[in-house]
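The values are calculated or read from the model by the stated rules, or taken from the named source; none is laboratory data. Just so it is clear, the model here is predicted, and its values are computed rather than measured. Reconstructed Cβ throughout: ideal geometry from the backbone, glycine too, with neighbour counts over all protein chains shown.
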Amino acid sequence: MYKEAFHTQEINKLNFLVTGGAGFIGSNLVEYLLTHQAARVVVLDNYATGFAANLESFKQYKNLEIIEGDICSIEDCIKACKNIDYVLHQAALGSVPRSVENPIATNKVNVDGFLNILVAARDAKVKRFVYASSSSVYGDSKTMPKVESQIGKPLSPYAVTKLLNELYADVFSKTYQMEIIGLRYFNIFGPRQNPSGPYAAAIPLFMDALLSDKNAYINGDGEQTRDFTFVKNAVEANIRALFATLKPGDPIVYNVAVSDRISINKLYNTLKTVSGSQKNAVHRGERPGDIRDSLADISLAQRYLNYNPQIRVEEGLKITFDWFKNEFYNHQ
Ligand SMILES: NC(=O)c1ccc[n+]([C@@H]2O[C@H](COP(=O)([O-])OP(=O)(O)OC[C@H]3O[C@@H](n4cnc5c(N)ncnc54)[C@H](O)[C@@H]3O)[C@@H](O)[C@H]2O)c1
């Protein structure tokens, strides 16, 4: 999937750390780096929500080093950052409902853990630190499409943690002259996204339901919209963010999306067509903390990072469905 190169430097001479590399987006970043012959790829993950199986097919790469460790431990962060040139920080506890149920756990990993890895990266003098923020920081802002400079108040503890990441990143870039870039992901989907557990996202849940004998549930009337973004586009944004030529004063937070929105009903119907299923979804109540509509303006990332998302939602759904059908049930 990652034949095309998004990097503009010779990565075979560079060492990378991917925190959360056993997770969905992290393992896709690892795949990109390994298939493009990065000199060394270190993963730091405690398998809280990720899986060793996500990295199983990359075990033949001698330059992959997996550290089972926790970003809440400064020692683990220091160890992982040793001799690293670039950090792609993905480790976090995702999910708005998880954070509503257990805000302390989400804060511990997403805020304290973030600060640990940022300090370790600073002390290791990494060249650039790119981290996963989230569209949830737009909170109650009514502006559409979402532009980076106009955010509202967070609507969940999870959104607070991602906003705090951005505040720390801003302060660290000014105080310690670190190069730090935050990427506000908008509903990323694709191969290796986990369909199991109470906090699974809509697309893998739908895939799982269409491929097995389970119900697919749509929260509310299903007319809420999202800027669903195929994971390859998110990988492109990360790699471009690592190497973009930026000047002091250029933006340090960027939307990562396609700038196209689709309702949950339409998404489900597209997936029904892709899968050849006749099964209808079951509607249930709305979820607390959910926003109604989400659409990104991606012109900042296009202009400063040279980000040019190639895969639209329909094509991404086909690739993802094929992966679930052919690989997921063998791979767990
Ligand atoms: N998937 C999305 O649509 C989306 C949207 C917005 C933001 N994000 C952010 O992107 C990042 C990656 O998300 P994902 O969808 O790949 O989720 P994921 O749960 O698949 O990956 C997160 C990874 O971090 C690891 N992790 C969790 N706590 C850790 C800890 N204390 N120490 C070390 N590792 C730890 C998990 O085991 C997992 O492998 C997260 O920061 C998430 O908040 C994702």
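Of all the criteria given as (1) more than 9 Å from the ligand (Cβ to nearest atom); (2) assigned to a helix (DSSP H, G or I); (3) over 25 Å from Lys127 (Cβ atoms), the one not satisfied by Glu75 is (3). Could you grab me the full set of residues in segment 30-60 that are in a helix (DSSP H, G or I) and near the ligand (Cβ under 9 Å from one of its atoms)? Within segment 30-60, Asn54 is the sole residue that qualifies.
Screening segment 195-228 for residues that are within 15 Å of the ligand (Cβ to nearest atom) and touching a Gly at 6+ places or on another chain (Cβ under 8 Å) and picking the one that is farthest from Ile319 (Cα to Cα) gives Tyr199.
Among the candidates Arg284, Arg261, Arg226, Arg240, the residue that is in contact with a Phe, Trp or Tyr (Cβ under 6 Å, 6 or more places away or on another chain), within 27 Å of Ser27 (Cβ to Cβ) and of a type in the set (Lys, Arg) is uniquely Arg240.
Look through Leu267, Leu242 and report the one residue that is in contact with a Lys or Arg (Cβ under 6 Å, 6 or more places away or on another chain), at pLDDT 95 or above and not polar (S, T, N, Q). I'd like the intermediate steps shown before the answer.
On the way: Leu267 fails: in contact with a Lys or Arg (Cβ under 6 Å, 6 or more places away or on another chain).
None of the others qualify; the one that does is Leu242.
Apart from one condition, Asp227 fits all of (1) in contact (Cβ under 8 Å) with a residue 24 or more places away in the chain; (2) surrounded by fewer than 23 Cβ atoms within 10 Å (Cβ to Cβ); the exception is (2). When segment 89-140 is filtered for residues that are part of a loop (DSSP other than H, G, I, E, B) and either more than 10 Å from the ligand (Cβ to nearest atom) or surrounded by fewer than 17 Cβ atoms within 10 Å (Cβ to Cβ) (or both), the ones remaining, listed by number, are Asn102, Ala124, Lys125, Val126, Lys127, Gly139, Asp140.
Please tell me if Gln278 is of a type outside the set (Phe, Trp, Tyr), out of contact with any Lys or Arg (no Cβ under 6 Å at 6 or more places or on another chain) and either over 30 Å from Asp85 (Cα atoms) or at pLDDT 95 or above (or both). In short, yes. Only residues that are more than 9 Å from the ligand (Cβ to nearest atom), in contact (Cβ under 8 Å) with a residue 40 or more places away in the chain and in a loop (DSSP other than H, G, I, E, B) were counted across segment 5-29, and they come to 5. Among the candidates Asn63, Asn83, the residue that is surrounded by fewer than 21 Cβ atoms within 10 Å (Cβ to Cβ), more than 9 Å from the ligand (Cβ to nearest atom), modelled with pLDDT of 95 or more and on the phi > 0 side of the Ramachandran plot is uniquely Asn83. Taking residues in segment 134-146 that are free of Cβ contacts under 8 Å to residues at least 40 places away in the same chain, and partners anywhere that are crowded, with 24+ Cβ neighbours inside 10 Å and not in a helix (DSSP H, G or I), not one pair has Cβ atoms closer than 7 Å while being at least 6 places apart or on different chains.
The lone criterion from (1) under 20 Å from the mean Cα position of the chain (by Cα); (2) exposed (fewer than 15 other Cβ atoms within 10 Å of the Cβ) left unmet by Leu295 is number (2).
Taking segment 171-214 as the range and being crowded, with 17+ Cβ neighbours inside 10 Å, in a loop (DSSP other than H, G, I, E, B) and out of contact with any Ser or Thr (no Cβ under 9 Å at 6 or more places or on another chain) as the test, the residues that pass are Met178, Pro195.
Scanning segment 150-186 for residues that are farther than 22 Å from Leu93 by Cα and either within 14 Å of the ligand (Cβ to nearest atom) or among the charged types (D, E, K, R) (or both) turns up Lys174, Glu179.
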